[in-house]
Amino acid sequence: MAGYVPRLKAKYKEEIITAMQNEFQYKSSMQVPRLKKICLNQGLGIAVADKKLVDIAIQEMTTICGQKAVATKSKKDISNFKLRKNMPIGVRVTLRGDNMYEFLDRLISVSLPRIRDFRGINDKAFDGKGNYTLGVTEQIIFPEISIDKVNRILGMDITFVTSAPTDAEAFALLKQFGLPFKK
């Protein structure tokens with residue numbers, strides 16, 4: 001597997017860099033924005049009552065990403081939510097390198113088309129600094145998750161962090177990768 005290069009990584013080097021240079025008139029190929037990382041986050045507010053939910057979510061997220069997920073812990077006590085400091089209340093994973101490109105490929109080609117009544121993803125979820133966040137309402141769209149073993153349907157946020165200085169450049173980059181934005 002030493003010579004293996006993920007499909008979207010090769011596409012970025014061979015096609016996307018030249019397409020972006022033509023569109024935005026960059027002087028150098030190093031100015032072309034790139035995908036730095038993909039962060040997956042799952043907030044589990046209901047985990048306050050049931051501690052096993054965090055373990056199940058960690059296992060599911062690890063299966064989806066192919067990389068070990070970690071629990072996120074609360075920063076302070078909030079009595080109204082029965083929350084204590086350092087209680088596990090979520091799960092997160094940060095993907096970089098080949099894992100990131102592999103996950104993006106699976107997300108675009110397999111998972112997103114499995115969403116019911118899918119008409120494209122929202123193109124308004126940019127943060128002003130070239131990052132894009134996509135909300136997924138159920139984890140069962142990923143083929144790695146067996147629907148029979150799921151005891152609770154949970155959503156997650158997927159954030160694409162790019163080196164693009166503007167939202168327009170980040171939008172063009174993600175569109176080149178093949179993310180199906182609404183028309």
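General remarks:
- Test result for V110, of a type in the set (A, V, I, L, M) and either crowded, with 19+ Cβ neighbours inside 10 Å or under 24 Å from D55 (Cα atoms) (or both): no
- Pairs with Cβ under 9 Å, 6+ apart, first in the stretch 52-66 and within 17 Å of I38 (Cα to Cα) and touching a residue at least 24 places away in the same chain (Cβ under 8 Å), second assigned to a helix (DSSP H, G or I) and of a type in the set (S, T, Y): I64/S111
- Long-range neighbours under 6 Å by Cβ, at least six apart or interchain, first residue at pLDDT 75 or above within the stretch 70-87, second not hydrophobic (A, V, I, L, M, F, W, C) and not in a loop (DSSP other than H, G, I, E, B): A71/P88; T72/G90; T72/R92; K73/P88
- Considered as a group, the residues in the stretch 28-50 that are closer than 15 Å to A164 by Cα and of a type outside the set (S, T, N, Q) include one that is surrounded by the fewest Cβ atoms within 10 Å (Cβ to Cβ), and that residue is M30.
- Qualifying positions in the stretch 136-148 - out of contact with any Gly (no Cβ under 8 Å at 6 or more places or on another chain), surrounded by 11 or more Cβ atoms within 10 Å (Cβ to Cβ) and without any contact (Cβ under 8 Å) to a residue 40 or more places away in the chain: I140, I141, P143
- Annotation note: Cβ proximity below 8 Å between a residue of the stretch 15-33 that is among the aromatic types (F, W, Y) and a residue that is in a helix (DSSP H, G or I) (sequence gap 6+ or interchain) occurs for F24/E169; F24/A172; Y26/M20.
- Yes/no for M100 being buried (at least 17 other Cβ atoms within 10 Å of the Cβ), touching a strand residue (DSSP E or B) at 6+ places or on another chain (Cβ under 8 Å), under 17 Å from R7 (Cβ atoms) and not charged (D, E, K, R): yes
- For the condition closer than 19 Å to N41 by Cα, surrounded by fewer than 20 Cβ atoms within 10 Å (Cβ to Cβ) and modelled with pLDDT of 90 or more, N131 qualifies.
- Taken together, T166, T133 contain a single residue that is of a type in the set (V, I, T) and more than 19 Å from I108 (Cα to Cα), which is T166.
- Consider the stretch 1-33 and keep the residues that are of a type in the set (F, W, Y) and outside any helix (DSSP H, G or I). The one that is modelled with the highest pLDDT is Y26.
The values are calculated or read from the model by the stated rules, or taken from the named source; none is laboratory data. Given the structure is predicted, the values throughout are model-derived calculations rather than measurements. Quick reminder, even Gly has a Cβ in these numbers, built from the backbone with ideal geometry, and neighbours come from all protein chains shown.
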